[in-house]
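One structure is given here, and the rest of the page talks about it.
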Amino acid sequence: MQRFDANILLDCYRRGVFPMAETREDNGIFLVDPDTRGIIPLDGLHISKSLRKVLKREEFDISYDKCFSQTLEECARATKDRPDTWINGGIAFLYNELHAIGHAHSVEVWKEGKLAGGLYGVSIGGAFFGESMFSRATNASKVALFYLVQRLNERDYTLLDTQFITDHLKTMGAMEIIRAEYHDRLNEAIRVNTSFHPT
C-alpha cells in the first residue's frame, strides 16, 4: 500500500478535500469534503475598532515560517477552552513534510520575545488553506490572521480557505459558499503563479 505522504496530501487539496483526525490521540486520518466551505474574501477582512487599536500600537512582533513546527504543536495543544484537537501525530508529520518542501507556512505572533499566537496552513498556487490557529494572548490569533491576509494580498493570492466557519472567523468576515462554487474558485486559484515568500 502506498504511504500517505506530502505529495498525495497536495493532490487532496487540489481536489478540494482535507485531512482530519477524530482526536489528537487517535492514530487514524480521514478526508473531509464538506457540503459548504468557509472562506474569507481577501478584500473583505473585517477589522474591529479594538483590533485596529492593537495593530496601531504595534503590541506584537510578526514573523513568517520562523518556527513552523512549534506553531503547529501549539495549535495541537489542548487548552481549557479547547480540550481536544484534530491534529494527531500523523497529521503533524505530514504538515512538517509539506513545510519542508515549501507548501506549508506559518504566521507567528510574538509578545515580549515569547510566542503568543499564530496560525499555519497550506499553499498551492494562489490558494491558501488555513488549517489551525492558536492564541496565548488576547487578540494574538486575530493579529496573525490580519498579517496572513496582508501577505496573501501582497503576493496576489485569490483564495483563503478556512474550511469551516466559527464565530471567531465570522467576526472577521468569513462566509460560507457551496461546494460547487468552492471548487470553481479553487480550480482558478491553484493556477495562479505566485508564492508565499517573495522570490
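Overview of values
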{"read-out": "Residue list for the stretch 159-191, restricted to those being in a strand (DSSP E or B), of a type in the set (Asp, Glu) and either within 22 Å of Ser135 (Cα to Cα) or without any contact (Cβ under 8 Å) to a residue 40 or more places away in the chain (or both)", "value": "Asp161"}
{"read-out": "Some residue of the stretch 82-104 being more than 23 Å from Thr166 (Cβ to Cβ) and charged (D, E, K, R)", "value": "yes"}
{"read-out": "Top-ranked residue of the stretch 49-79 - restricted to ones that are touching a His at 6+ places or on another chain (Cβ under 9 Å) and on the phi < 0 side of the Ramachandran plot, ranked as surrounded by the fewest Cβ atoms within 10 Å (Cβ to Cβ)", "value": "Ser69"}
{"read-out": "Restricting the stretch 103-118 to residues that are touching a residue at least 40 places away in the same chain (Cβ under 8 Å) and surrounded by fewer than 24 Cβ atoms within 10 Å (Cβ to Cβ), the residue that is nearest to Asn153 (Cα to Cα)", "value": "His105"}
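No lab work stands behind these numbers, since they all come straight from the coordinates. Nothing here was measured: the structure is a model prediction, and the numbers come from that model. Neighbour counts run over all protein chains shown; Cβ positions are idealised from the backbone, glycine included.
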